[in-house]
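Working notes, beginning with the structure itself.
Values quoted throughout were computed directly from the atomic coordinates according to the rules given, and no laboratory measurement underlies them. Quick caveat: nothing in here was measured; it's all calculated off a predicted structure. FYI the Cβ positions are ideal-geometry reconstructions off the backbone, even for glycines, and counts take in every protein chain you see.
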Amino acid sequence: MIPRLYVEAELESGTALELPDEQARYLRQVLRRRAGDAIVLFNGRGGEFQAIIELLDKRNARASIQAFSDISREPEKHMHIVQAACRNEKIEFMLQKGVELGAASFQIVHTQRSTLRLKGARLSQRLNRWRKIIIEAVEQSGRTRIPTLHWRHYLDEIEAPGLRLCLHPAGARSWAEMRNRIMGAETITLAIGPEGGWSPPDLDILSGLGFEDLRFGPRILRTETAAPALLAAIQAVSLN
């Protein structure tokens, strides 16, 4: 496969681009690429560019930007994830799989039963780590847009566009009952609770924000599994 690399730079056909050190090391040491090999570059603003490695050594890396491809691999629906803060490895799994399955944005929010508490420098470091995971998943999956990521200290701070659904095993509405509304919605926000589930005050806040409870089958999903499962299901019914 031709490597895909995200670069925070203006890209234009017929120009050359100096590649960042981290990406140069990745091409050289991990992928064992060399001058003359093909790569794909994108900056998250839509489409991607075919490119050729001009120079790749221990000190310098440069790519020649070739043709632009106005391609999009984004889902037709805009799907946003509100994930209750939980153990870090669970968030990392959810972000990676959520990107692969087409999520447009992620909000990690502290809730009453959240086990993860972050602030200050520790929060900044974790956000940087999570954004790196998102970018790597975008590179791997072929997407051309970078999902946004935000940390919310309070549940009532979240942004929730479109149809608002809160996954809750005791929810009043089943997947079958909501299917037609999901199929007709252009934008959907999905709220996923922490390991211990939503607390009654959390559910009250979500209800006040316009969220509707949703049951997704007879089994209780893990917090890191729920968002990917719902994203896959929504896209499946949308394709029918």
What is the distance in Å between the Cα centres of region 115-187 and region 53-91?
-> 17
Roughly how many nanometres apart are two label points built 7 Å out from the Cα toward the Cβ at Glu10 and Ser238?
-> 3.3
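Rank-order 111-120, 93-102 by packing density, defined as the average count of other C-beta atoms within 10 Å over each peptide's residues, highest first.
The peptides rank, most packed first, as 93-102, 111-120.
Compare the peptides 136-146, 29-39 by average per-residue count of other Cβ atoms within 10 angstrom and give them in order, highest first. The partial results should precede the final answer.
On the way: 136-146: 17.8, 29-39: 12.8.
Top to bottom by mean Cβ count within 10 Å: 136-146, 29-39.
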Inter-probe distance in nm under a simple model that places probes 7 Å from Cα toward Cβ, at Ser199 and Leu31 | 4.7
For region 4-69, build the charge dipole from Cβ charges (+1 Lys, Arg; -1 Asp, Glu) around the Cα centre, then report which of Leu41, Ile53, Ser69 sits farthest towards its positive end.
-> Ile53
When Arg164, Arg28, Arg45 are ranked with the fewest other C-beta atoms within 10 Å first, the list becomes Arg45, Arg28, Arg164
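Taking the Cα centre as origin and putting +1 on Lys and Arg beta-carbons and -1 on Asp and Glu beta-carbons, what dipole magnitude results for the chain, to the nearest 20 debye? Each step should come with its number before you reach the end.
On the way: 33 positive and 29 negative charges, 160 e Å.
Dipole size: approximately 760 debye.
Counting other C-beta atoms within 10 Å, which of Trp130, Trp175 has the fewest, and how do the rest follow? Don't skip to the answer; put the middle values down first.
Numbers: Trp130 20, Trp175 16.
Placing the least packed residue first, the sequence is Trp175, Trp130.
Order by neighbour count: Ile71, Ile52, Ile234, fewest other Cβ atoms within 10 Å first, most last. Don't skip to the end; give the middle numbers.
Details: Ile71 12, Ile52 15, Ile234 22.
Ordered from fewest to most neighbouring Cβ atoms within 10 Å, Ile71, Ile52, Ile234 come out as Ile71, Ile52, Ile234.
Looking at the square roots a ≥ b ≥ c of the eigenvalues of the Cα gyration tensor of region 1-105, which shape do they give, rounded for a/c under 1.5, prolate if a/b is larger than b/c, or oblate?
Details: a/c = 2.80, a/b = 1.61, b/c = 1.74.
In terms of gyration-tensor shape, oblate.
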Within the chain, percent of DSSP bridges classed antiparallel, to nearest 5 = 35
Anchor Lys97: lysines whose Cα lies under 21 Å away (excluding residues fewer than 8 positions away in-chain) = Lys77, Lys132
Expressed as an acute angle from 0 to 90° and rounded to the nearest 10, what is the orientation of the C-alpha long axis of helix 120-141 relative to the principal long axis of the chain?
-> 70
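What does the helix-only formula give at 222 nm for the chain: each DSSP H stretch with n ≥ 4 adding -39500 (n - 2.57), the total divided by the residues, and the result rounded to the nearest 500 deg cm²/dmol?
On the way: 6 runs with 76 residues, N = 240.
Value at 222 nm, helices only: -10000 deg cm²/dmol.
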In degrees, nearest 10, the alpha-carbon axis of helix 175-184 is tilted away from the dominant principal axis of the alpha carbons of the chain by 50
Cross-link partners of Lys90 among aspartates and glutamates (Cα-Cα below 16 Å; sequence separation of 8 or more within a chain) = Glu100, Glu195, Glu224
In degrees from 0 to 90, rounded to the nearest 10, what is the angle of the helix 88-100 Cα long axis to the longest principal axis of the chain?
-> 70
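So for the chain, averaging the separation of alpha carbon pairs under 8 Å that are six or more residues apart and normalising by length, what relative contact order in percent results? Walk me through the numbers on the way to the answer.
Details: 452 pairs, mean separation 47.9, N = 240.
About 20 percent, as a whole number.
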Amide H to amide H under 5 Å from His80: which residues, 5+ apart in sequence or cross-chain, H placed 1.01 Å off N in plane?
-> Ala104, Ile188, Thr189, Leu190
